[in-house]
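Only one structure is covered here, and it is reproduced in the block below.
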Ligand code: NCD
Ligand code: ZN
């Protein structure tokens, strides 16, 4: 049995413990002291559950100039992510059972970490035929990929989702609230797709949700948080917590829904600290530097973030701005619960998906270290705390900060 030692986040607090890992990569023992044929002692480094990022765009198949599976999942692991849920706006988009099966084939043997795949049905009929999809995505407004649906279709999909009991993640912006302004900068983009568009879409959802299990993607502001339908869960992205319209990123900072004002960003942190945010999800949506090297109004929306999400937040945790429990809750246990997968917690019988991090080892974000295919990050130079070892089912995928295994990820079914 392999034994991994360190200061383990177990039952809601840190404790010096040994984890015994079984042949099949599960946590088989949690003890003060354990003997094994292979023992790895991480000293006083923290051992936390691997992160579950429930919103990423790995661009594979069809958009692999931006990102691809080997590269994107390697970057995810560098940032401490051991499970991703992959969005359906690849090319072709995952709108049917056949295309879902094709996406499963694309992933087979090429992902460094475990994964859940979303489908984007465009009708009630399509959702009932998507038997194998683990969860769904619905776009109420246009973004990368032509997957936007109208209120009639969405009502049908919500009915279908309620019948299947599966999760439906909603990109909630109401296009009727969009304004026609000349977009020269990030503030204009935020005016063009205002906060009111989020609140309005969420109010519509509150009255049309029925019994569907709904999760709201990338909420950008407190006004939207206030409008999240009761019983629904929500996520916030690191870019809405760490960047705002005062940024000098230009087209690279263009994302949907848009970055908001510095005051909105501060209020979002307060909401996070008071426990109002279920999950942190990166919405990793890379575009190439070439694609972003155009005026803001012509640039595609989206930015990369899967490798910096946990490290940026770990740094803030170390600085005392958020509690370790909130960090682990928002990056691992809650997203796993929302998806309905047995991940995100260190306990007997669970997969040994673990990150080992020394909270004192802060370093500046450098694009090169993240190894994104797109080669850039909007968080360049910010202080972060990267894991030095990451285990997937007990085997290192990152060792001493370097990728150590590829292609070992598995497709996960949801409850
Ligand atoms: C996403 C993308 O590029 O795939 N872009 C974005 O701005 N978030 C699409 C999306 O999730 O809206
Ligand atoms: Zn997205």
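Any read-out appearing in this document is the output of simple, stated calculations on the displayed coordinates, not a laboratory observation. Nothing here was measured: the structure is a model prediction, and the numbers come from that model. Quick reminder, even Gly has a Cβ in these numbers, built from the backbone with ideal geometry, and neighbours come from all protein chains shown.
A few remarks follow.
- When we screen 198, 187 for residues that are closer than 25 Å to residue 119 by Cα, out of contact with any strand residue (DSSP E or B) (no Cβ under 8 Å at 6 or more places or on another chain) and in a helix (DSSP H, G or I), the only hit is 198.
Rundown of residues vs (1) surrounded by fewer than 16 Cβ atoms within 10 Å (Cβ to Cβ); (2) more than 19 Å from the chain's Cα centre (by Cα); (3) not in a strand (DSSP E or B), yes/no style:
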{"residue": "372", "(1), (2), (3)": "no, no, yes"}
{"residue": "377", "(1), (2), (3)": "no, no, yes"}
{"residue": "391", "(1), (2), (3)": "no, no, no"}
{"residue": "397", "(1), (2), (3)": "no, no, no"}
{"residue": "405", "(1), (2), (3)": "no, yes, yes"}
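- Some residue of the stretch 58-77 being more than 16 Å from ligand 2 (Cβ to nearest atom) and either more than 30 Å from residue 139 (Cβ to Cβ) or touching a strand residue (DSSP E or B) at 6+ places or on another chain (Cβ under 6 Å) (or both): yes
- Residue in the stretch 272-280 that is more than 16 Å from ligand 2 (Cβ to nearest atom) and more than 20 Å from the chain's Cα centre (by Cα) present: yes
- Residue in the stretch 323-335 that is within 30 Å of residue 212 (Cβ to Cβ), within 16 Å of ligand 1 (Cβ to nearest atom) and buried (at least 24 other Cβ atoms within 10 Å of the Cβ) present: no
- Yes/no for residue 357 being crowded, with 22+ Cβ neighbours inside 10 Å and within 18 Å of the chain's Cα centre (by Cα): no
- Complete set of residues in the stretch 4-58 that are more than 30 Å from residue 235 (Cα to Cα) and assigned to a loop (DSSP other than H, G, I, E, B): 22, 23, 24, 32, 33, 34, 35, 36, 37
- Single unsatisfied condition, residue 337 versus (1) touching a strand residue (DSSP E or B) at 6+ places or on another chain (Cβ under 7 Å); (2) over 20 Å from residue 365 (Cα atoms): (1)
- Residue within the stretch 144-153 that is buried (at least 22 other Cβ atoms within 10 Å of the Cβ) and touching a residue at least 12 places away in the same chain (Cβ under 8 Å) present: no
- Scanning the stretch 232-281 for residues that are more than 23 Å from residue 215 (Cα to Cα), outside any loop (DSSP other than H, G, I, E, B) and within 14 Å of ligand 1 (Cβ to nearest atom) yields 251, 252, 253.
- Residue tally, condition more than 19 Å from the chain's Cα centre (by Cα) and either away from ligand 1 (no atom under 15 Å from the Cβ) or under 13 Å from residue 58 (Cα atoms) (or both), over the stretch 75-92: 1
- Taken as a whole, the stretch 127-134 holds no residue that is within 19 Å of residue 54 (Cα to Cα), buried (at least 16 other Cβ atoms within 10 Å of the Cβ), free of Cβ contacts under 8 Å to residues at least 60 places away in the same chain and within 16 Å of ligand 1 (Cβ to nearest atom).
- Residue selected from the stretch 104-121 under the condition away from ligand 2 (no atom under 16 Å from the Cβ) and out of contact with any helix residue (DSSP H, G or I) (no Cβ under 6 Å at 6 or more places or on another chain), by the criterion farthest from residue 161 (Cα to Cα): 109
So that you can scan it fast, the table gives a plain yes or no per residue for (1) within 23 Å of residue 412 (Cβ to Cβ); (2) away from ligand 1 (no atom under 16 Å from the Cβ):
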position	(1), (2)
26	yes, yes
37	no, yes
41	no, yes
65	no, no
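- Of all residues in the stretch 210-229, those satisfying the criterion of being in contact (Cβ under 8 Å) with a residue 40 or more places away in the chain, away from ligand 2 (no atom under 16 Å from the Cβ) and touching a helix residue (DSSP H, G or I) at 6+ places or on another chain (Cβ under 6 Å) are 210, 211, 212, 221, 222, 225.
- Residue within the stretch 295-308 that is in a helix (DSSP H, G or I), touching a residue at least 12 places away in the same chain (Cβ under 8 Å) and either within 16 Å of ligand 2 (Cβ to nearest atom) or closer than 24 Å to residue 51 by Cβ (or both) present: no
- Residue check, residue 61 more than 16 Å from ligand 1 (Cβ to nearest atom), at negative phi and surrounded by fewer than 24 Cβ atoms within 10 Å (Cβ to Cβ): no
- Residues in the stretch 178-208 that are over 17 Å from residue 261 (Cβ atoms) and surrounded by 16 or more Cβ atoms within 10 Å (Cβ to Cβ): 178, 200, 201, 202, 204, 205.
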